[in-house]
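A quick write-up on the structure given underneath.
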């Protein structure tokens, strides 16, 4: 159907698991109703995405920016936790009815909005502190892990494919393994990967790499150390293997032999 | 903060409460909305270790809006307790109900979602406070 340049007041959109629907800090006023699937609400805390809520069908997202007005950026990110169908409401459509709303309902909404913003800020503060404590603990164990691993690692420079453990199989992020040992590896990836998918200490990933032609090894590994890569726009991850089949362990063992 | 004249025009009853008296009790029935005319009111939630203050409301703020806009006869989610002497006005529930019901469906969904998000945030806040033993 031709819309002759007009944006329809309501459109239905499909998202697959992991898709970013709204990005914190962006400017946008559309409101979305979840028709099917679950959506996670995340806030950024010192570079880490912290999930503050899980929303079910029938619930609305993106209303904060609309209610607080055009000058406010999105206060949280929304990401599809599974395949989702959302109905997007054009802000002009909802704005027209909002302006006609009785003043008392407007005042009640305004008060609730302020309370919610304050509450989310407090929750984010608590979660951030908790996360920092967890990272500190992981950091301490990673230092011990790094010193143990350094004796047995083999320099290496191969492209690998990886994805977060809870992401769809179709997702393929590209990384480069710089060295590998029985216990873990160092992987370098583009920083842009970490913008779309969480890459923080503790996050687990599936990864596959060809050690030699015909010798593929699959593993599950978690980030234990994260730092800027040597090249601009890259991150370097120290990763500990959390799962590998016995066959792949043997393959890796032979590969590591002098 | 002052009272909006349109809000004041639908106040049907005024009631005074002495310091620390309970204006609304968590878990009780009722979907009246009140507006604070004088003084301050603390919104509190019961936890395993006593009452936790969620926020402090002042003149012009509403009490009990969450339950009213849910329109499902849910028990009061939090308690409202006078923080010093307080004067509250009860709003004309019938008029408000009529106003609310005449709003477009998507607008009602938007406001109801906001109320649900606030309720969820309060629950999260209470859980975190209990976990970190903050009071």
Q.
Suppose we filter the range A:122-137 for residues that are facing chain B (nearest Cβ under 8 Å), over 18 Å from residue A:201 (Cα atoms) and at pLDDT below 80; how many remain?
A. 1
Q: Please specify each residue of the range B:72-112 satisfying the condition of being within 29 Å of residue B:16 (Cβ to Cβ) and part of a loop (DSSP other than H, G, I, E, B).
A: B:73, B:74, B:75, B:76, B:77, B:78, B:92
Q. Among the residues of the range A:88-110, how many are facing chain B (nearest Cβ under 9 Å), surrounded by fewer than 18 Cβ atoms within 10 Å (Cβ to Cβ) and in contact with a strand residue (DSSP E or B) (Cβ under 8 Å, 6 or more places away or on another chain)?
A. 1
(Q) Being touching a helix residue (DSSP H, G or I) at 6+ places or on another chain (Cβ under 6 Å) and free of Cβ contacts under 8 Å to residues at least 40 places away in the same chain is the filter here; which residues of the range A:152-165 pass it? (A) none
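Inspect the range B:116-135 for any residue being in a loop (DSSP other than H, G, I, E, B), more than 25 Å from residue A:121 (Cβ to Cβ) and at the interface with another protein chain (Cβ under 10 Å from one of its Cβ atoms) and give the result as yes or no.
Checked against the condition, which is being in a loop (DSSP other than H, G, I, E, B), more than 25 Å from residue A:121 (Cβ to Cβ) and at the interface with another protein chain (Cβ under 10 Å from one of its Cβ atoms), the range B:116-135 yields no hits at all.
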Q.
For the range B:62-75, check the following and say yes or no: at least one residue is touching a helix residue (DSSP H, G or I) at 6+ places or on another chain (Cβ under 6 Å) and closer than 19 Å to residue B:21 by Cβ.
A. yes
Q | the range B:92-115, subset touching a residue at least 40 places away in the same chain (Cβ under 8 Å) and out of contact with any strand residue (DSSP E or B) (no Cβ under 6 Å at 6 or more places or on another chain), residue surrounded by the most Cβ atoms within 10 Å (Cβ to Cβ) | A | B:111
Q | Residue satisfying condition, being at pLDDT 80 or above, outside any helix (DSSP H, G or I) and closer than 30 Å to residue B:7 by Cα, within set A:101, A:93, A:119 | A | A:101
Q) Scanning the range B:46-66 for residues that are surrounded by 14 or more Cβ atoms within 10 Å (Cβ to Cβ) and outside any strand (DSSP E or B), which turns out farthest from the other protein chains (Cβ to nearest Cβ)? A) B:59
Q: With the checklist (1) within 14 Å of another protein chain (Cβ to nearest Cβ); (2) under 26 Å from residue B:98 (Cβ atoms); (3) touching a residue at least 60 places away in the same chain (Cβ under 8 Å) in hand, flag the one item residue B:36 doesn't pass.
A: (3)
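The values are calculated or read from the model by the stated rules, or taken from the named source; none is laboratory data. Just so it is clear, the structure is predicted and the values come from calculations on it, not from any experiment. As a convention, Cβ positions derive from the backbone with ideal geometry for all residues, glycine included, and neighbour counts pool all protein chains shown.
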